Amino acid sequence: MEHQSYVIGVDYGTDSVRSIVVNASSGEELAFSVFYYPRWKKQMYCNASQNQFRQHPLDYLEGLEATLQDCLHQVGAAVARNVKGIAIDTTGSTPVAVDASGTPLCLLPAFENNPNAMFVLWKDHTSVKEVAEINVHATKFDTNYLKYVGGVYSSEWFWAKLLHVLRADSNVAAATHSWVEHCDWIPFVLTGGSNVKDIKRGVCSAGHKGLWSEAFGGYPPDSFFSSLDPLLTGFTDKLPAQTFTSDKSAGNLSPDWAARLGLSTEVVVAVGAFDAHMGAVGGQIEPYYLSKVIGTSTCDMLVAPANEVNDTLVTGICGQVNGSIIPGMIGMEAGQSAFGDAFAWLKNILTWSLDLLDDEALKNKAAEKIMTTLSEQAALLPFDEKDEIAIDWLNGRRTPDANQVLHGAFAGLSLGTDAPRLFKALVESTCFGAKAIVERFVAEGIPVKGLIGLGGVAKKSPYIMQVLVDVINMPIKIHKSEQTCALGAAMFAATAAGLYPKVEDAMKAMGQGFAVTYTPNEAHTAYYQKRYDQYKKLGNFIETHL
């Protein structure tokens, strides 16, 4: 062990943070720890009826320290002495208002219980009014500042959320010095940062959600934002023109964090990125393969050589940014705002009455049994083109063509509709949403050669994966790792620490391969094509008339 090098990957998800310690030579995962956010679990500072989802930084900090200490305790001092790097991924866009020191405002006494001073989670859609204004405002300029984010800005993203918070809370607005993504803030904390100007902002978050682009020389000019609303005046001046890929160092572990964890201050902390982007690397993404991180939502990642993409711009996706996934390649992001969340919604409806029994163990056991049984029963249902059909926009639509005002729907219900039939319709709808993304890439000149599945749903739901490949009519290979996002972060940590010259080398050495491949059932593809046509017609009706 004394002659091996080790790295740490930290993956911040919607409900928890997960950390792993990895052998940098082989990719072997030596330790794993998970921490569920206690405040978030109670839904503190959230209001689902208003699509307000906020998270407290103490959930993040407590989870970071707890999981890292637990992992390092598992592996022992000999491994800890040889940890060379740490990298972080987070959900996104999940920004927060900070003061000049880079401290989130809710960590100050005046704002400790103020949701507007906390991290605005990716799925917070309180800024739908603001994003509508941004999309109209962008049409007034000779330069199309939205062209590298698919031509449509989203309420899930950086500037819409900032403008909403500034408008909603004058006290927070007055105290806000800058606006920082979660994935940029954690490396800043680990390196002991005390001046917001020192934050190394990642090209991943800045390019996909913040309108930063090499073509613009940075962010759009202040005049773009100040003419939208004077509250945004001066914010671009506080954001650096330079951004960094995640194979670069954000600094070294601070003495304080080194002491807490029992690590050396020589440990390199990599520049942060979003979870799906690092997850695509952990899942061994290949050019023109759509890497689907399938969890509460989906993020669909695709990389292609810059000299092959040239001037091709895919409309309606979550952006294309040079180096956001693999340095030197164009990274393209799409996704669905609800995937696993859609099934969790149905599960919560079906177990609602169990809340009256005040028996948490019974409810958990029933919930687990319900989802397993639903999959089994749905798979046995005969195929009928007149079956119930659903629209998957339960949390709005991310891509293609972001519109978070949209809602989900079910059609064709009758007194014969039961839980398995509802589940079947919901599964099909999420898969139809995935097919729409593939079709958009192909229609705009970016081929999709295959699918890679990552995340909990991909690994645990054979029924859903089989429906997915039957709908898209394309195989999907499921990665072995249970923690592909954290593993991808570990690969970036190894590269930033100098153990590999580029992340592709780390990916090759540390990749764990694939567990299973699902292939389309040709007997089902024609049926699903007809159902997909119905899905598109219903979706168009809802979007146009409702």
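The values are calculated or read from the model by the stated rules, or taken from the named source; none is laboratory data. It should be emphasised that the depicted structure is a prediction, and the values quoted were computed from it without experimental measurement. Positions of Cβ are backbone-derived with ideal geometry, glycine not excepted, and every protein chain shown enters the neighbour counts.
Here are the criteria: (1) touching a helix residue (DSSP H, G or I) at 6+ places or on another chain (Cβ under 6 Å); (2) in a loop (DSSP other than H, G, I, E, B); (3) not hydroxyl-bearing (Ser, Thr, Tyr). Tell me which single one residue 401 does not satisfy.
Among (1) touching a helix residue (DSSP H, G or I) at 6+ places or on another chain (Cβ under 6 Å); (2) in a loop (DSSP other than H, G, I, E, B); (3) not hydroxyl-bearing (Ser, Thr, Tyr), residue 401 violates only (1).
Among residues belonging to the stretch 404-423 that are in a loop (DSSP other than H, G, I, E, B) and of a type outside the set (Gly, Ala, Ser), point out the one that is surrounded by the fewest Cβ atoms within 10 Å (Cβ to Cβ).
415
Test residue 180 against the criterion of being closer than 16 Å to residue 271 by Cβ and surrounded by 15 or more Cβ atoms within 10 Å (Cβ to Cβ), and give yes or no.
Yes; evaluated as a whole, the condition is true for this residue.
Residue 136 fails exactly one of the following numbered conditions: (1) aliphatic (A, V, I, L, M); (2) under 21 Å from residue 15 (Cα atoms); (3) free of Cβ contacts under 8 Å to residues at least 24 places away in the same chain. What is the number of that condition?
Single failed check for residue 136: (2).
Residue check: is residue 325 in a loop (DSSP other than H, G, I, E, B), touching a helix residue (DSSP H, G or I) at 6+ places or on another chain (Cβ under 6 Å) and modelled with pLDDT of 95 or more?
yes
Within the stretch 341-354, can you find the residues that are under 15 Å from residue 370 (Cα atoms) and out of contact with any Phe, Trp or Tyr (no Cβ under 8 Å at 6 or more places or on another chain)?
Within the stretch 341-354, 342, 344, 345, 347, 348, 349, 350, 351, 352, 353, 354 qualify.
Looking only at the stretch 165-216, count how many residues are over 30 Å from residue 150 (Cα atoms) and either modelled with pLDDT under 95 or in contact with an Asp or Glu (Cβ under 8 Å, 6 or more places away or on another chain) (or both).
Looking only at that region, the number is 2.
Determine which member of the set 377, 320 is modelled with pLDDT of 95 or more, out of contact with any Lys or Arg (no Cβ under 6 Å at 6 or more places or on another chain), surrounded by fewer than 21 Cβ atoms within 10 Å (Cβ to Cβ) and not assigned by TED's automatic domain parsing to the domain that holds residue 216.
377
Within the stretch 86-95, does at least one residue satisfy the condition of being in contact (Cβ under 8 Å) with a residue 24 or more places away in the chain, surrounded by fewer than 22 Cβ atoms within 10 Å (Cβ to Cβ) and in contact with a helix residue (DSSP H, G or I) (Cβ under 7 Å, 6 or more places away or on another chain)?
No, every residue in the stretch 86-95 fails to be in contact (Cβ under 8 Å) with a residue 24 or more places away in the chain, surrounded by fewer than 22 Cβ atoms within 10 Å (Cβ to Cβ) and in contact with a helix residue (DSSP H, G or I) (Cβ under 7 Å, 6 or more places away or on another chain).
Would you call residue 351 surrounded by fewer than 23 Cβ atoms within 10 Å (Cβ to Cβ), of a type in the set (Val, Ile, Thr) and under 20 Å from the mean Cα position of the chain (by Cα)?
no
Looking for whichever is touching a residue at least 60 places away in the same chain (Cβ under 8 Å) and over 24 Å from residue 330 (Cα atoms) here; the options are 163, 146. Which one fits?
Exactly one residue qualifies, and that residue is 163.
With the requirement that a residue be in contact (Cβ under 8 Å) with a residue 60 or more places away in the chain, more than 18 Å from residue 162 (Cβ to Cβ) and in contact with a strand residue (DSSP E or B) (Cβ under 8 Å, 6 or more places away or on another chain), what does the stretch 216-265 give you?
Passing the criteria: 245, 246, 247, 248, 249, 250, 251, 252, 253, 263, 264.
Restricted to the stretch 96-110, and to residues that are in contact (Cβ under 8 Å) with a residue 24 or more places away in the chain and surrounded by 17 or more Cβ atoms within 10 Å (Cβ to Cβ), which residue is nearest to residue 157 (Cα to Cα)?
96
Any chance the stretch 239-254 includes a residue that's out of contact with any Phe, Trp or Tyr (no Cβ under 8 Å at 6 or more places or on another chain), over 27 Å from residue 136 (Cα atoms) and among the aliphatic types (A, V, I, L, M)?
Looking through the stretch 239-254, at least one residue is out of contact with any Phe, Trp or Tyr (no Cβ under 8 Å at 6 or more places or on another chain), over 27 Å from residue 136 (Cα atoms) and among the aliphatic types (A, V, I, L, M).
Do we have any residue at all in the stretch 349-367 that's outside any loop (DSSP other than H, G, I, E, B) and modelled with pLDDT of 90 or more?
Yes, some residue in the stretch 349-367 is outside any loop (DSSP other than H, G, I, E, B) and modelled with pLDDT of 90 or more.
Regarding the stretch 9-18, can at least one residue be identified that is closer than 29 Å to residue 281 by Cα, over 19 Å from the mean Cα position of the chain (by Cα) and in contact (Cβ under 8 Å) with a residue 60 or more places away in the chain?
No, because not a single residue in the stretch 9-18 is closer than 29 Å to residue 281 by Cα, over 19 Å from the mean Cα position of the chain (by Cα) and in contact (Cβ under 8 Å) with a residue 60 or more places away in the chain.
Residue 545 is checked against (1) under 20 Å from residue 435 (Cβ atoms); (2) modelled with pLDDT under 95 and fails just one. What number does that condition carry?
For residue 545, the failing item is (1).
When residues of the stretch 134-160 are filtered for being of a type outside the set (Ser, Thr, Tyr), in a helix (DSSP H, G or I) and more than 16 Å from the chain's Cα centre (by Cα), how many remain?
Going through the stretch 134-160 one residue at a time, the tally reaches 8.
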